[in-house]
Amino acid sequence: MPERDYHSEIADRLLILEQHMRDAGLWSDTPPAPEAFRSTVPFFADRMHLGEWLQFVFIVRIRALIEADAPLPGPCAIHPIAEEWLKSMERQHDALLEVIGEIDALISHGAAQASPRH
């Protein structure tokens, strides 16, 4: 998949992720405190919940890389932690998990395509 199409596919999924988070009431108008962004723990789990990390770290960073036409990180494995995080909620969030899985697959596939062959 050409880089532009790959980036477009992921950008589309990020918009869908944002909409699902908004629909589920998981989108915030208020960012976490600045010190929360200084975490060195995966998903900043010691300083914010996964919804905050998705909104204020992951989506922002991936969109910035796409806008800069830069390579994306990989592989990506957010789905397992999202599944655990969403288990504690009363509502089902299948659509949210589905789009997170799609983003994982797209980014991971792109990383595999970009890695040198041995």
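The values are calculated or read from the model by the stated rules, or taken from the named source; none is laboratory data. These numbers come from a predicted model, not from an experiment. Here Cβ is always computed from backbone atoms with ideal geometry, including for glycine, and neighbour counts include all displayed protein chains.
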With the checklist (1) out of contact with any Cys (no Cβ under 8 Å at 6 or more places or on another chain); (2) surrounded by 15 or more Cβ atoms within 10 Å (Cβ to Cβ); (3) modelled with pLDDT of 95 or more; (4) assigned to a helix (DSSP H, G or I) in hand, flag the one item Met48 doesn't pass. (4)
Test for Met21: is it modelled with pLDDT under 95, hydrophobic (A, V, I, L, M, F, W, C) and closer than 19 Å to Asp104 by Cβ: no
Consider only pairs whose beta carbons are under 8 Å apart and that are at least six residues apart or on different chains; among these, list those whose first residue lies in the range 78-104 and is touching a residue at least 60 places away in the same chain (Cβ under 8 Å) and closer than 16 Å to Gln55 by Cα and whose second residue is among the small types (Gly, Ala, Ser) and surrounded by 17 or more Cβ atoms within 10 Å (Cβ to Cβ). Leu96/Ala82; Ile100/Ala82
Against the condition of a type in the set (A, V, I, L, M), part of a helix (DSSP H, G or I) and buried (at least 18 other Cβ atoms within 10 Å of the Cβ), how does Ala36 come out, does it pass? no
Selection within the range 16-33 - surrounded by 13 or more Cβ atoms within 10 Å (Cβ to Cβ) and not in a loop (DSSP other than H, G, I, E, B): Ile16, Leu17, Glu18, Gln19, His20, Met21
Are any residues in the range 86-96 surrounded by 16 or more Cβ atoms within 10 Å (Cβ to Cβ) and assigned to a helix (DSSP H, G or I), and if so, which ones? Leu86, Leu96
Members of the range 70-85 found to be in a loop (DSSP other than H, G, I, E, B) and acidic (Asp, Glu), listed by number: none
